[in-house]
Amino acid sequence: MRRFLLVSSSHTAWTRGNRMSTTDKVFTGKYWLIERYVSGFSNNAFLITCARTGRSVIIDTPADPHELVEAAAKTNVEAILITHGHRDHVEGYETVNNSLTAPTGIGNDDRGSLLASAPVSIDVATGRSIAVGDITLKPMHTPGHTPGSTCYLLETADSLAAGEPSHVFTGDTLFPGGPGKSSSHDALKQIIDSLETHIFTMPESTVVLPGHGDFTTIGDSKREYEVFASRPLDPNISGDVTWN
């Protein structure tokens, strides 16, 4: 993970262990509503709800997900999708799943981060499509931060025709200002390859919703990355890398 300041939101509280809990509405459109729930160690979890059917999808399950569970219980949760298997993104999974049992998707290489009994039945391989009501999410395998890291693009032909922005949930693969933390130089190169192959090919107006902190757009991220890519890649660089 990387650390960034949180954007302003509608409600902020502190949960046990002095972990921050924040909720805010990210997007309200014709076809779906996106809400963010910050808990655990400043982790972003998202609830996407179909405006027509009330069916919903959860993205990531950090610790202390009580407000997420309370809000999601008012919808019909049909999928829990995990961006990657690091503990801070799955620490609240059992709480969420025990309250709102739903089919789960996580990258195959990160499957071991969940209990063997978890109902992992959603295929999140690149090229698949996950439909819940009028919501469609397109998973992309984006290894580097972890072997099974997966990003999810939210858009449909109808939402694009209506002029609504696309959103991509990037977990810890991409943040404003740089990629997620890499454990080695090879892992950094893998993240960069994932970004160049799957993420930076998206329209510049696509909104990036990472696993921690502020949001950005593909356009801003590409311009930041171009500065980094214009210089020779240091063969020793890894860890918390920034584009500038």
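General observations
- Which numbered condition Arg55 misses (of (1) at pLDDT below 95; (2) over 15 Å from the mean Cα position of the chain (by Cα)): (1)
- In segment 3-40, the qualifying residues are those that are more than 16 Å from the chain's Cα centre (by Cα), part of a loop (DSSP other than H, G, I, E, B) and modelled with pLDDT of 50 or more, and the one that is surrounded by the fewest Cβ atoms within 10 Å (Cβ to Cβ) is Lys30.
- Some residue of segment 64-81 being farther than 25 Å from His141 by Cβ, without any contact (Cβ under 8 Å) to a residue 24 or more places away in the chain and assigned to a loop (DSSP other than H, G, I, E, B): yes
- Scan of segment 207-244 for residues that are of a type in the set (Ser, Thr, Tyr), surrounded by 15 or more Cβ atoms within 10 Å (Cβ to Cβ) and over 18 Å from the mean Cα position of the chain (by Cα), ordered by number: Tyr225, Ser238
- Flag for Glu204 being in a helix (DSSP H, G or I) and in contact with a Gly (Cβ under 7 Å, 6 or more places away or on another chain): no
- Close pairs from segment 206-222: first without any contact (Cβ under 8 Å) to a residue 40 or more places away in the chain, partner of a type outside the set (Ser, Thr, Tyr) and assigned to a loop (DSSP other than H, G, I, E, B), Cβ under 7 Å, at least 6 apart: Thr217/Glu204; Gly219/Glu204; Lys222/Phe200; Lys222/Glu204
- Unmet criterion (only one of (1) farther than 20 Å from Glu78 by Cβ; (2) outside any strand (DSSP E or B); (3) not acidic (Asp, Glu)) for Thr53: (1)
- Residues in segment 157-178 that are surrounded by 19 or more Cβ atoms within 10 Å (Cβ to Cβ) and over 16 Å from Ile218 (Cα atoms): Ser159 alone.
- Taking segment 142-192 as the range and being assigned to a helix (DSSP H, G or I), over 23 Å from Val90 (Cβ atoms) and under 18 Å from the mean Cα position of the chain (by Cα) as the test, only Ile192 passes.
- The requirement of being free of Cβ contacts under 8 Å to residues at least 12 places away in the same chain, closer than 19 Å to Thr170 by Cα and in contact with a Ser or Thr (Cβ under 7 Å, 6 or more places away or on another chain) is satisfied by Ser129.
- Within segment 179-189, the set of residues being of a type in the set (S, T, N, Q) and surrounded by 19 or more Cβ atoms within 10 Å (Cβ to Cβ) comprises just one member, Ser182.
The values are calculated or read from the model by the stated rules, or taken from the named source; none is laboratory data. Bear in mind the structure is a predicted one, so any value in this text is a computation, not a measurement. Here Cβ is always computed from backbone atoms with ideal geometry, including for glycine, and neighbour counts include all displayed protein chains.
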